[in-house]
Amino acid sequence: MIAYKICLLPGDGIGPEIIAEGVKVLDAVGAKHGLTFAYTEALIGGAAIDACGEALPASILEMAKAADAVLLAAVGGPKWDTTDPDKPRPEQGLLGIRKGLQLYTNLRPVQIFDALSGASTLKPEVIEGVDLMMVRELTGGVYFGRRERFYDEAGAGVDGTPGQRAYDTMEYREYEIDRIARQAFEAARKRRGKVTSVDKANVLESSRLWREVVHRIHEEDYPDVELEDILVDNCAMQLITRPADFDVLVTENMFGDILSDEAAQITGSLGMLASASLGDGTALYEPSHGSAPDIAGQGIANPLAQILSVEMMLRYSFNAQEAADDVRRAVTAVLDAGWRTGDIADGATPKEKVVDTSRMGDLVVDHL
Ligand code: IPM
Ligand code: MG
């Protein structure tokens with residue numbers, strides 16, 4: 001028996017409901033493959049703000065570092081929305097743990113489950129064969145650059161009148177681009193051998209450095225991988241016109257945030273997409289979707305993205321490929337058998353096949 005320590009961070013909204021299904025699946029697949037999991041749990045995001053006034057209490061980071069992997073659900077909600085820079089925000093919990101664990105690589109795979117191919121708003125012939133990996137830089141760029149909001153006595157208004165000013169800075173150091181580029185090339189070698197690097201090198205200095213470094217790493221160490229550059233605005237367009245042409249996309253933090261929501265929507269079901277955030281130590285796994293406060297507490301949320309983030313955990317943190325394959329097969333089988341949560345049901349889904357959060361988790365466990 002191999003025992004792993006998992007740090008659970010349910011967060012806000014539907015978080016506690018879906019993470020329970022992730023744990024259910026982890027325990028079931030572990031029992032089958034000789035892995036045991038011991039859990040610690042902590043509050044993060046809005047729940048932590050309510051309990052102790054900050055989104056990422058210092059103890060969480062210690063707990064996360066001591067664990068073999070972190071399973072997070074989602075943070076945020078209208079209750080904590082504010083533009084006041086002095087008030088805590090739930091997102092600080094997520095950004096803080098990413099930075100604190102140095103999780104610089106964010107992998108967001110986008111694949112179509114055949115049973116759900118009708119869910120996309122794009123034409124079937126456009127989405128056929130879509131299988132791409134978004135590699136998003138996660139601890140740099142404008143998310144973590146110098147920023148300030150201040151009252152300017154003479155320069156905020158057109159006519160030099162006083163008023164408020166604010167700026168954020170998109171900054172990259174060479175080593176930050178170097179290491180994320182390597183992750184993308186490595187991922188491509190295990191896939192179809194192609195990397196598309198996304199930047200805005202026609203305008204931004206940080207993007208020109210990005211492009212130079214990516215090409216240097218390519219020439220020096222990965223000449224066998226195909227590399228293309230694409231400007232971010234063009235990429236946004238190509239993603240919905242020819243999504244199947246992409247294999248690995250690599251990009252800086254904020255471009256990756258925006259493009260990964262777009263890419264997720266190619267499948268028509270954001271509730272299906274998982275992500276892995278990797279660094280040099282403990283890794284973190286979470287669904288790509290948010291905390292869905294509108295349906296929180298009703299037990300109807302789709303737990304599959306959380307369950308698929310368990311699949312990624314097995315793959316990337318524990319190198320348990322067979323267990324990971326089992327989870328994916330079980331999810332596929334449940335969908336093929338016609339089971340749906342409300343968000344992925346459509347007019348053709350019979351009422352008795354629409355199930356709640358907990359039943360969906362049970363079905364996956366049954367198939368395991
Ligand atoms: C994501 C989310 C986060 C991000 C938010 C919640 C801070 O949108 O993981 O994509 O912007 O990175
Ligand atoms: Mg996002």
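How many residues does region 117-149 hold that are assigned to a helix (DSSP H, G or I), at pLDDT 90 or above and surrounded by 14 or more Cβ atoms within 10 Å (Cβ to Cβ)?
Counting residues in region 117-149 that are assigned to a helix (DSSP H, G or I), at pLDDT 90 or above and surrounded by 14 or more Cβ atoms within 10 Å (Cβ to Cβ) gives 5.
Name the residues in region 26-66 that are within 11 Å of K5 (Cα to Cα) and either crowded, with 23+ Cβ neighbours inside 10 Å or touching an Asp or Glu at 6+ places or on another chain (Cβ under 8 Å) (or both), would you?
F37, A64
Restricting the search to region 159-181, which residues are buried (at least 19 other Cβ atoms within 10 Å of the Cβ) and of a type in the set (F, W, Y)?
Y172
Within region 334-358, can you find the residues that are buried (at least 16 other Cβ atoms within 10 Å of the Cβ), acidic (D, E) and at pLDDT 95 or above?
Within region 334-358, just D356 meets the criteria.
Table: residues versus (1) within 20 Å of the chain's Cα centre (by Cα); (2) part of a strand (DSSP E or B); (3) touching a residue at least 60 places away in the same chain (Cβ under 8 Å).
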| position | (1), (2), (3) |
| --- | --- |
| P16 | yes, no, no |
| I19 | yes, no, yes |
| A28 | no, no, yes |
| A38 | no, yes, no |
| S59 | no, no, no |
| V70 | yes, yes, yes |
| G76 | yes, no, yes |
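Does M254 satisfy the condition of being closer than 14 Å to M134 by Cβ and either within 16 Å of ligand 1 (Cβ to nearest atom) or at pLDDT 95 or above (or both)?
Numbers: closer than 14 Å to M134 by Cβ: yes; either within 16 Å of ligand 1 (Cβ to nearest atom) or at pLDDT 95 or above (or both): yes.
In short, yes.
Considering S260, S275, S291, which residue is within 16 Å of ligand 2 (Cβ to nearest atom), more than 29 Å from R173 (Cα to Cα) and of a type outside the set (A, V, I, L, M, F, W, C)? Walk me through how you get there before you give the answer.
Working: S260 fails: more than 29 Å from R173 (Cα to Cα); S275 fails: more than 29 Å from R173 (Cα to Cα).
Answer to the selection: S291.
Conditions first: (1) crowded, with 18+ Cβ neighbours inside 10 Å; (2) in contact with an Asp or Glu (Cβ under 7 Å, 6 or more places away or on another chain). A244 passes all but one, so which condition is the exception?
Evaluating A244 over (1) crowded, with 18+ Cβ neighbours inside 10 Å; (2) in contact with an Asp or Glu (Cβ under 7 Å, 6 or more places away or on another chain) leaves (1) as the failure.
Residues checked against (1) out of contact with any strand residue (DSSP E or B) (no Cβ under 6 Å at 6 or more places or on another chain); (2) surrounded by fewer than 17 Cβ atoms within 10 Å (Cβ to Cβ); (3) closer than 26 Å to E91 by Cβ:
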| position | (1), (2), (3) |
| --- | --- |
| H289 | yes, no, yes |
| D294 | yes, yes, yes |
| G297 | yes, yes, yes |
| Q306 | no, no, yes |
| V310 | yes, no, yes |
| R315 | yes, no, no |
| V327 | yes, no, no |
| T332 | yes, yes, no |
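Filter region 150-181 for residues that are part of a helix (DSSP H, G or I), touching a residue at least 24 places away in the same chain (Cβ under 8 Å) and not β-branched (V, I, T) and give the result. Steps first, answer last, please.
Just the residues of region 150-181 that are part of a helix (DSSP H, G or I), to begin with: 174-181.
Going one step further and asking which of them are touching a residue at least 24 places away in the same chain (Cβ under 8 Å), we end up with 174, 176-181.
If the condition is that a residue be part of a helix (DSSP H, G or I), touching a residue at least 24 places away in the same chain (Cβ under 8 Å) and not β-branched (V, I, T), then E174, E176, D178, R179, A181 are the ones that fit.
Being in contact (Cβ under 8 Å) with a residue 12 or more places away in the chain and assigned to a loop (DSSP other than H, G, I, E, B) is the filter; apply it to region 215-228 and report the residue that is farthest from V250 (Cα to Cα). Spell out the reasoning first.
Filtering region 215-228 down to residues in contact (Cβ under 8 Å) with a residue 12 or more places away in the chain leaves 215, 217-218, 221-222, 224-228.
Then drop every residue that is not assigned to a loop (DSSP other than H, G, I, E, B), which leaves 222, 224-225.
Working: Y222: 15, D224: 17, V225: 13 Å.
Looking at the filtered set, the residue picked out is D224.
Please find, within region 182-214, the residue that is surrounded by the fewest Cβ atoms within 10 Å (Cβ to Cβ) out of those that are outside any helix (DSSP H, G or I) and without any contact (Cβ under 8 Å) to a residue 12 or more places away in the chain. Quick ask: steps written out before the conclusion?
Filtering region 182-214 for residues outside any helix (DSSP H, G or I) gives 190-204.
Still in the list and also without any contact (Cβ under 8 Å) to a residue 12 or more places away in the chain: 190, 203.
Values: K190: 9, V203: 11.
Here the answer is K190.
Taking interchain pairs and intrachain pairs at least six residues apart, which have beta carbon atoms under 9 angstrom, with the first residue in region 94-123 and without any contact (Cβ under 8 Å) to a residue 12 or more places away in the chain and the second away from ligand 2 (no atom under 16 Å from the Cβ) and among the charged types (D, E, K, R)?
Matching pairs, first to second residue: S117/E128.
Pick from D247, D233: which is closer than 17 Å to A187 by Cα and away from ligand 1 (no atom under 15 Å from the Cβ)?
Details: D233 fails: closer than 17 Å to A187 by Cα.
Answer to the selection: D247.
Under 6 Å by Cβ, and 6 or more places apart or on different chains, what pairs join a residue from region 266-291 that is free of Cβ contacts under 8 Å to residues at least 40 places away in the same chain and away from ligand 1 (no atom under 15 Å from the Cβ) with one that is hydrophobic (A, V, I, L, M, F, W, C) and not in a helix (DSSP H, G or I)?
Here the result reads none, with nothing in region 266-291 linked to a residue that is hydrophobic (A, V, I, L, M, F, W, C) and not in a helix (DSSP H, G or I).
The values are calculated or read from the model by the stated rules, or taken from the named source; none is laboratory data. These numbers come from a predicted model, not from an experiment. With ideal geometry, Cβ positions are generated from the backbone for all residues, glycine too; neighbour counts draw on all protein chains shown.
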